[in-house]
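The structure appears right after this line, and notes come after that.
The values are calculated or read from the model by the stated rules, or taken from the named source; none is laboratory data. Remember, predicted model here, so these are calculated numbers, not experimental data. Here the Cβ positions follow ideal geometry from the backbone for every residue, glycine too, while neighbour counts run over all protein chains shown.
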Amino acid sequence: MKLLFMFAIRLYQVFTPKAFRGKCLFNESCSNYVYRKTKENGLKDGIDAFLFRFRHCRHGYYIIEKDNDFLLITVCNLVVEGKDINNRIINEYLTKASLYKLK
């Protein structure tokens, strides 16, 4: 089952268009994270990792600047430190913040 689950993740990574995939909030993409957890710790941990990311990696988050760093708060109130936030998310935040300052 573990190998089948890992194979399904690889199929997703290969055949899903990038327009649908590149939206992860975290530095390590959700599919890479789940694949790694499954490979290192087995099927149960892989499924737990999938469910964790499924609950937390979605819209509805907000970002806080704190001490020259960033914190991302997910919809489920998980606090993610700046080093674990996808750079795309931080750049979008900085762009929007600079636009608000111009107004």
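The residue of region 38-58 that is farthest from Leu78 (Cα to Cα), among those that are surrounded by 18 or more Cβ atoms within 10 Å (Cβ to Cβ) and of a type outside the set (Val, Ile, Thr), is Gly46.
None of Tyr35, Tyr12 is surrounded by 12 or more Cβ atoms within 10 Å (Cβ to Cβ), aromatic (Phe, Trp, Tyr), under 27 Å from Glu92 (Cβ atoms) and at pLDDT 95 or above except Tyr35.
Could you list all residues from region 27-70 that are polar (S, T, N, Q) and outside any helix (DSSP H, G or I)? Within region 27-70, Asn27, Ser29, Asn68 qualify. Within region 2-21, the set of residues being of a type outside the set (A, V, I, L, M) and assigned to a helix (DSSP H, G or I) comprises Lys2, Phe5, Phe7, Arg10, Tyr12, Gln13, Phe15, Lys18, Phe20, Arg21.
In the set Asn91, Asn68, Asn77, Asn87, only one residue is within 23 Å of Ser31 (Cβ to Cβ), without any contact (Cβ under 8 Å) to a residue 40 or more places away in the chain and either hydrophobic (A, V, I, L, M, F, W, C) or out of contact with any Cys (no Cβ under 6 Å at 6 or more places or on another chain) (or both); that residue is Asn91. The sole residue among Ala49, Ala97 that is at pLDDT below 90 and of a type outside the set (D, E, K, R) is Ala97. Filtering region 52-79 to residues that are touching a strand residue (DSSP E or B) at 6+ places or on another chain (Cβ under 8 Å) and aliphatic (A, V, I, L, M) leaves Ile63, Ile64, Leu71, Leu72, Ile73, Val79. In region 62-83, is there at least one residue being surrounded by fewer than 14 Cβ atoms within 10 Å (Cβ to Cβ), under 23 Å from Gln13 (Cβ atoms) and out of contact with any Asp or Glu (no Cβ under 8 Å at 6 or more places or on another chain)? Within region 62-83 (the criterion being surrounded by fewer than 14 Cβ atoms within 10 Å (Cβ to Cβ), under 23 Å from Gln13 (Cβ atoms) and out of contact with any Asp or Glu (no Cβ under 8 Å at 6 or more places or on another chain)), the answer is no, since none of the residues qualifies. Against the list (1) under 14 Å from the mean Cα position of the chain (by Cα); (2) in a helix (DSSP H, G or I); (3) closer than 19 Å to Gln13 by Cβ, the condition Cys24 fails is (2).
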